[in-house]
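See structure below.
The values are calculated or read from the model by the stated rules, or taken from the named source; none is laboratory data. From a predicted model like this one, the values you see are computed outputs, not experimental measurements. With ideal geometry, Cβ positions are generated from the backbone for all residues, glycine too; neighbour counts draw on all protein chains shown.
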Amino acid sequence: MTEHYFSERPTSKLKRGLVRCNLRGQNFEFLTTSGVFSHKRIDTGTRLLIESMILPERGAMLDLGCGYGPVGVVASKLKPRLRVWMTDINERAAALAEENARRNGVEHIKVRQGHLYDPVEGLFFDAIVSNPPISAGMSRVVKPLVMGAGDHLVRGGSLQLVVQSNKGGRTLLAMMESYLGVVEVVARKSGYRVLRSEKSLE
């Protein structure tokens with residue numbers, strides 16, 4: 001059975017790789033390894049999320065479940081005054097994200113290993129952006145991710161998630177509506193949607 005990337009300590013044999021790509025008009029390269037999500041290329045959902053994510057000029061952003069770091073690294077490159085936090089339960093992913101931040105010359109990034117919001121307890125963000133691990137379980141992982149967003153967003157801050165429309169898309173949209181309110185579809189492509197909700201200003 002293939003080991004799931006949503007593991008704290010992957011045991012699969014290390015097979016290192018390098019992904020070169022152009023995102024938001026800029027060139028990046030990311031070190032990758034087996035045991036992390038989509039280690040051979042930037043997957044379609046993550047690419048759509050990166051190309052359509054709406055970022056504040058300053059403040060703080062959380063790349064939740066960062067993998068080897070493309071979302072957070074691109075965000076930091078685009079918005080150099082933005083403080084970016086990246087978290088992942090997977091120790092290989094967290095180590096790679098830190099290395100890839102250095103490799104791509106971005107600053108103001110902090111990487112922490114841990115489950116969902118545990119590594120950033122007590123912190124608040126202007127944006128939380130994620131390609132959530134749907135296959136790890138809606139009730140086990142995705143629901144706590146959505147439920148916890150309100151406790152970690154500033155007023156007017158946004159939760160932005162990408163999902164495959166026919167693999168949990170409606171469920172995730174309903175979940176975001178239930179906990180955060182109005183959901184807008186920011187982008188659609190190749191069977192994926194980027195969903196965005198804002199925390200109420202009230």
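Descriptive notes on the structure:
- Residues in the range 72-91 that are of a type outside the set (Asp, Glu) and closer than 16 Å to Pro119 by Cβ: Gly72, Arg83, Val84, Trp85, Met86, Thr87, Ile89, Asn90.
- Considered as a group, the residues in the range 144-166 that are of a type in the set (Val, Ile, Thr) and under 17 Å from the mean Cα position of the chain (by Cα) include one that is farthest from Val71 (Cα to Cα), and that residue is Val146.
- Selected residue (only one of Leu195, Leu159 is at pLDDT 95 or above and over 12 Å from Met147 (Cα atoms)): Leu195
- The lone exception for Phe125 - which of (1) at positive phi; (2) touching a strand residue (DSSP E or B) at 6+ places or on another chain (Cβ under 9 Å) it fails: (1)
- Test: residue in the range 18-33 that is at positive phi, without any contact (Cβ under 8 Å) to a residue 24 or more places away in the chain and not in a strand (DSSP E or B): yes
- Unique match (being under 21 Å from Gly45 (Cα atoms), exposed (fewer than 15 other Cβ atoms within 10 Å of the Cβ) and of a type in the set (A, V, I, L, M)) among Ala174, Ala136, Ala127, Ala149: Ala174
- Residue under evaluation Ser38, criteria (1) under 16 Å from the mean Cα position of the chain (by Cα); (2) surrounded by fewer than 21 Cβ atoms within 10 Å (Cβ to Cβ); (3) part of a helix (DSSP H, G or I); (4) not basic (Lys, Arg), criterion not met: (3)
- No other residue among Glu91, Glu57 is among the acidic types (Asp, Glu) and touching a residue at least 40 places away in the same chain (Cβ under 8 Å) apart from Glu91.
- Of all residues making up the range 63-93, the number that are surrounded by 23 or more Cβ atoms within 10 Å (Cβ to Cβ) and basic (Lys, Arg): 1
- Cβ-Cβ under 8 Å pairs, at least 6 apart or on other chains, the range 125-150 side free of Cβ contacts under 8 Å to residues at least 60 places away in the same chain and outside any helix (DSSP H, G or I), far side of a type in the set (A, V, I, L, M, F, W, C) and crowded, with 16+ Cβ neighbours inside 10 Å: Gly150/Leu180
- Checking each residue in the range 94-107 for being crowded, with 16+ Cβ neighbours inside 10 Å and either over 17 Å from Ser34 (Cα atoms) or without any contact (Cβ under 8 Å) to a residue 40 or more places away in the chain (or both) picks out Ala94, Ala95, Ala97, Glu98, Ala101, Arg103, Asn104, Val106.
- For Asp118, the conditions (1) touching a helix residue (DSSP H, G or I) at 6+ places or on another chain (Cβ under 9 Å); (2) modelled with pLDDT of 95 or more are fulfilled apart from (1).
- Listed conditions (1) over 16 Å from the mean Cα position of the chain (by Cα); (2) at pLDDT 95 or above; (3) surrounded by 14 or more Cβ atoms within 10 Å (Cβ to Cβ) are all met by Gly169, apart from (2).
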